[in-house]
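Heads up, the thing below is written out as structure tokens.
Where a number appears in this text, it was derived from the coordinates with a stated rule and is not lab data. Keep in mind that what you see is a predicted model, and the values were worked out from it rather than measured. Positions of Cβ are backbone-derived with ideal geometry, glycine not excepted, and every protein chain shown enters the neighbour counts.
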Amino acid sequence: MVVMNPSGDVASRQANLILASTGLMLLIIVPVIAATLWFAWRYRHTNEEATYDPEWHHSTGLEVLIWTAPLMIVVALGAMTWLYTHLLDPYRPLDRIDAARPVTADTRTLTVEVVALDWKWMFFYPELNIATINELVAPVDTPINFRLTSTTVMNAFYVPALSGMIYAMPGMETKLHAVMNQEGVYDGFASNYSGPGFSNMHFKFHGLSDQGFNEWVERVRAEGAPLDTARFMELEKPSELEPVHYYSGVEEGLYRRILNMCAQPGKMCMDEMMHVDAQGGGGHHATGRDALVYDTNRSHGDAGHGPSGYVGAADGNAPEGTGAAESPGATFPAANRPTRSGSGQGEAASGEAPHVEHGAGQQPAGGEAPGSTAPAPAAPDHGAAGHEGHGSAGQPAAPGEGTVAPNQLND
């Protein structure tokens, strides 16, 4: 079993934690099972030598034993859980290579940026300016700093011989610190279901000596092709059983744009959007809507996670330029169109603005006195259908029709 006999120090400590926790729990389980069997044998009906005491109901010594022992074990398990939750935190940099060798300021480390694609793994080596598909290589006894993300759905990166699994999610970056202590070839795979190609989403981890790793790097540089945005967009398309690929150079900033979901040209990066939001937003017309669509499966045709690229795209009401449909509730300004729910949902079926009935003491918009029959001032031109809660530009409300639209109440 690789999990209980791994080759990496982090995975070994996790295996030891499993053994220690199991041993502590067995301190209660084994005696209880043994006592149950002994009591059943000792006080069987045919054993006339056993003491028969139908009035017995209490033993202070027995009460102390059955409460103190479990309490001490729970305390020990709690202490171990707290300690190893911090020591084995995947975000915590390593403080040792193995039990005999600590990490010092002179210890060389390796950074690997991991991207979960459909259905393959991409590994960037930013310090070496190379990248691979479905092959991960690292020198033994060298701490590895993993940075992980995904391009589509949540996935999980797992090399049992190296460390525990860690999730990879689109638009987010998780971290994992680990080290391999023995040379060899180990299995790595996706441990979180991510679609029809999930079962084939595996790779090989090669633990090499320093010389072997340097020779591998030179081979990647000699045999690989440059990796730019256009090539990455081809790689991002769903595929299964993808062979190993080498890339001798990586376009600057490519991993950052993958992480921020803007590798596709014309998309606004998530960090840029957060900066705009932090400054108070850019207004309704600050950027095109297409720049804010981040469902990468929409551009993959029938190869994504649902009909026409994503779940819910089969109803044929696709917004222009996206190749996929939206949910029935998508309305302007989110989709630049009025509601499709008909009358009685905040907008009249004919496109007319709903009438607002003002109660006593309420002043209609535009300063008209109650009971005035003058039409309301023309609304700003929001297009043929107008803003949700408004009718066509300049069209007065029909008396006695419709209901109060939420957006109209806020105007």
Env charge @ Phe213, Cβ radius under 12 Å, K,R +1 / D,E -1, value -3
If His58, His245 are placed from fewest to most neighbouring beta carbons inside 10 Å, the sequence is His58, His245
Here the gain from full extension of Tyr52 to Glu240, 0.36 nm per residue of separation minus their alpha-carbon distance, amounts to 60.6 nm
Scalar couplings 3J(HN,Hα) for the range 186-195 by Karplus 6.51 cos²θ - 1.76 cosθ + 1.60 (θ = phi - 60°), nearest whole Hz, x for Gly and Pro, are 10, 7, x, 7, 8, 10, 9, 4, 9, x
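At a 10 angstrom cut-off on C-beta neighbours, averaged per residue, how do the peptides 153-163, 66-76 rank from highest to lowest? Show your work: numbers first, answer last.
Details: 153-163: 22.8, 66-76: 12.5.
Output ranking for 153-163, 66-76: 153-163, 66-76.
Taking the Cβ of Phe232 as the centre, find all other residues whose Cβ is under 11 Å away and add up their charges (Lys, Arg: +1; Asp, Glu: -1).
Values: positive: Arg231, Lys237, Arg257; negative: Asp228, Glu234, Glu236, Glu251.
Result for the local shell: -1.
First select every other residue whose beta carbon is under 10 angstrom from the beta carbon of Phe203; then total the charges, Lys and Arg +1, Asp and Glu -1.
Details: positive: Lys120, Lys204; negative: Glu135, Asp187, Glu242.
So the surrounding residues net to -1.
Looking at the range 128-221 only, what percent of DSSP beta bridges run antiparallel? Nearest 5 please.
Values: 16 of 22 bridges.
Among the beta bridges of the range 128-221, antiparallel pairing accounts for roughly 75 percent.
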Rounded to the nearest 5, the percent of DSSP beta bridges in the range 58-211 running antiparallel is 70 percent
Looking only at lysines whose Cα falls under 23 Å of Lys175's and that sit 8 or more positions away or on another chain, we get Lys120, Lys204
